Structure formats: C-alpha cells, structure tokens
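First the structure, in the form of structure tokens, and then the observations on it.
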Amino acid sequence: MSTPKAPTLAVLPITKGETPSVPQILQPAGWPAPKGYANGMAADGRLVVTGGVIGWDNQGHLPADFVAQVRQALSNISAILGEGGARPEHLVRLTWYVVDIEEYLANLKLLGKAYREIFGAHYPAMALVQVVRLVEKAARVEIEATAVVPR
C-alpha cells in the first residue's frame, strides 16, 4: 500500500532565524493562483482581531448601498487595526458575511476597487458566507478580520 504524497507548499523564503515583517502567502505548488485572496497565510507576532464589523459611520448611520457598506466596513476595520498597531499588510484573514451572495457577485469590480483603495494589493486568506440576516437589520455585510503584527 502506498501513501499519497501531500502537495508541496510554496512560501516566501526567509533566512533562518529571521522573522518576516509581513505575513507569508502559502500557495501549494501546482495550484492555480487565487485572484483577490490567498489560500493560506503564515505569520509570527502579536494577534489583532476584530469582531464582526459593519459599514456604519462614527454617527451610527448605515448607508443603504451594498458597496458603500463594504467600503465603510473596510475603513472601520482599518481604523480598528490602527488602534492595535496593525496595518492592512498585517491582515492574515478576512471572513465576509453577506445577506445576498448575488449582490456581492454583481458588484465584484466596485468591491475590488474599494478594497484596493483601503487595503492596497494585499490579499489575505478569505472566506465568504451567505447568511439569512445580520444582527443590525439594515446591514448587508459584516466582516471579521485577523491581523498579525510582527514582533
């Protein structure tokens, strides 16, 4: 009986004893390159975690538009990261909860533009989940973030 080989992982090389200043992208060899996310991330440092963040402003107002809610939620995450000494390039995971996946898919170009304006071209591991509803009834999206600040 033979044991199947596990896929080889491609990681950004680091020198022995060196601590990377940003998370490393984990990409199994031979897998197609993901677009707009990473399959996995590795990082060493202090963990900064958000709760579920929605797109309300500092007055508690929530725009009706889905893309505007995403833009504000990402801005809110950026502000929370800043409070923890983290920056967007320290993100290792985002979990998106949307009430309508078709609304998400119909707005991919605008969502990508808003994402890059706030977080740049750093794409952590991500998951997208459709839910029946969110606690804040008018919210169309809620996002959880995890970042690792290097030591």
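Numerical summary
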item: Residue list for the range 65-85, restricted to those being aliphatic (A, V, I, L, M) and crowded, with 19+ Cβ neighbours inside 10 Å; result: V67, V70, A73, L74, I77, L81
item: Residues that are in contact (Cβ under 8 Å) with a residue 60 or more places away in the chain and closer than 13 Å to T146 by Cα, drawn from the range 57-86; result: L74, I77, I80, L81, G84, G85, A86
item: Filtered residue count, the range 88-117, keeping only those that are free of Cβ contacts under 8 Å to residues at least 60 places away in the same chain and under 20 Å from S21 (Cα atoms); result: 3
item: Which listed residue, of A79, A73, A68, is in contact with an Asp or Glu (Cβ under 8 Å, 6 or more places away or on another chain), in a helix (DSSP H, G or I) and of a type in the set (A, V, I, L, M); result: A73
item: Filter result (surrounded by fewer than 17 Cβ atoms within 10 Å (Cβ to Cβ) and assigned to a helix (DSSP H, G or I)) within the range 86-114; result: E89, I101, E102, E103, L105, A106, L108, K109, L110, G112, K113
item: Residue satisfying all of: in the range 123-151; over 20 Å from P34 (Cβ atoms) and not in a loop (DSSP other than H, G, I, E, B); modelled with the lowest pLDDT among these; result: P150
item: Per-region count, the range 31-55, residues more than 29 Å from R133 (Cβ to Cβ), assigned to a loop (DSSP other than H, G, I, E, B) and either in contact with a helix residue (DSSP H, G or I) (Cβ under 9 Å, 6 or more places away or on another chain) or of a type in the set (A, V, I, L, M) (or both); result: 2
item: Count - residues of the range 45-64 that are surrounded by 14 or more Cβ atoms within 10 Å (Cβ to Cβ) and either more than 15 Å from L91 (Cβ to Cβ) or small (G, A, S) (or both); result: 7
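The values are calculated or read from the model by the stated rules, or taken from the named source; none is laboratory data. Computed from a prediction, not measured in an experiment: that's the story for all the values here. In this analysis, Cβ positions are derived from the backbone assuming ideal geometry, glycine residues included, and neighbour counts consider all displayed protein chains.
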